[in-house]
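I have placed the structure first, in the form of structure tokens, so that the comments after it can refer back to it.
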Amino acid sequence: MNASCRMDLSPLFAYDISNVIRSFTAVGADQLHEKLDEFFEAEAGEERRAKREDLTLLLHVGVDVDGLVDNDTALMKAVQAISLEAVKILVEAGAGLGVRKSNGSSVLHIAGITFEIAEFLISCGGDVKAENQGGLQPFEVAAEDNQTDLIDLYLKHGADVHAKDADGDTALHVAAMVGHRDAA
């Protein structure tokens, strides 16, 4: 049962009815972002479970999971909210790891991404060498934020320590410019 429909729809999904439902109308990315906000704000327990079911139902019936709202996909929004649970739900529903913001940044470029979320995204195919329009790779963002655990993770998964951004700076230069000795 979910909070929007007040009935248990799970038996219908066992018959793959979701493909039929999906053909009726597309649900916009803005509605997905609204459901994510409700999910993030829900308290633990029954309310959280109901919001998770609402989110899952929306993903089952068809939604523009990779649509940009305020220059963020739902996956980017979940990463910024530091919700590994939402990240997993969205990736399992087919959220694209390679979708970019208008500046070319990927989900791994998000400042403040947690180690657990980054590790999960990389295990699902997230590109540690993805460059945004300024030539920055996630490795440089981690160096700028002094996230040494992410630096190690990105190196372990093939980040290029010698990669240069559009200004010719490496992650070492970026870390040194902002005074992060640990990251340098």
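Things worth noting here:
- Taking Cβ atoms as reference points and 12 Å as the exclusive limit, the residues near Thr114 contribute a net charge of -4, counting Lys and Arg as +1 and Asp and Glu as -1.
- Shown in residue order for the stretch 119-127 are the 3J(HN,Hα) couplings computed by the Karplus curve 6.51 cos²θ - 1.76 cosθ + 1.60 at θ = phi - 60°: 4, 4, 4, 5, 5, 9, x, x, 8 Hz (x for Gly and Pro).
- Evaluating 6.51 cos²θ - 1.76 cosθ + 1.60 at θ = phi - 60° for every residue in the stretch 48-53, the Karplus couplings come out as 5, 4, 5, 5, 5, 5 Hz, glycine and proline recorded as x.
- Environment charge of Ala29, counting only residues whose C-beta is closer than 14 Å and scoring Lys/Arg +1, Asp/Glu -1: -4
- Shape category assigned to the stretch 99-184 from the gyration tensor of Cα positions, a/c cut at 1.5: oblate
- Net charge of Cβ neighbours under 10 Å - reference Gly135; Lys, Arg +1; Asp, Glu -1: -4
- Within the straight-line cut-off of under 12 Å between alpha carbons, the aspartates and glutamates reachable from Lys164 are Glu131, Glu140, sequence neighbours fewer than 8 places apart in one chain being disregarded.
- The calculated FRET efficiency for the pair Leu68 and Lys129, based on their C-beta separation and a Förster distance of 35 Å, comes to about 0.95.
- Computed from backbone phi with θ = phi - 60° and the Karplus coefficients 6.51, -1.76 and 1.60, the 3J(HN,Hα) list for the stretch 75-83 is 5, 4, 4, 5, 5, 5, 7, 6, 10 Hz; x is used for glycine and proline.
- Alpha carbon centroid spacing (whole Å) that separates the stretch 84-136 from the stretch 65-82: 10
- Extended-chain gain in nm, criterion 0.36 nm per residue less alpha-carbon gap, Leu172 and Glu41: 43.4 nm
- The share of Cα pairs per 5 Å bin across the chain, counted from zero up to the longest distance, runs 1, 8, 16, 18, 16, 13, 10, 7, 5, 3, 2, 0 percent.
- For His180, His109, order by how many other beta-carbon atoms lie within 10 Å, fewest first: His180, His109
- Our helix-only sum for the chain, with -39,500 (n - 2.57) per DSSP H run of n ≥ 4 divided by its residues, gives a mean residue ellipticity at 222 nm of -13500 deg cm²/dmol.
- Point-to-point label distance, Glu85-Ala163, nm (Cα→Cβ direction, 7 Å offset): 3.2
Values in this text are rule-based calculations from the coordinates and carry no lab data. Here the structure is a predicted model, which means the values were calculated and not measured. Glycine also receives a Cβ, built like all others from the backbone with ideal geometry; neighbour counts cover every protein chain displayed.
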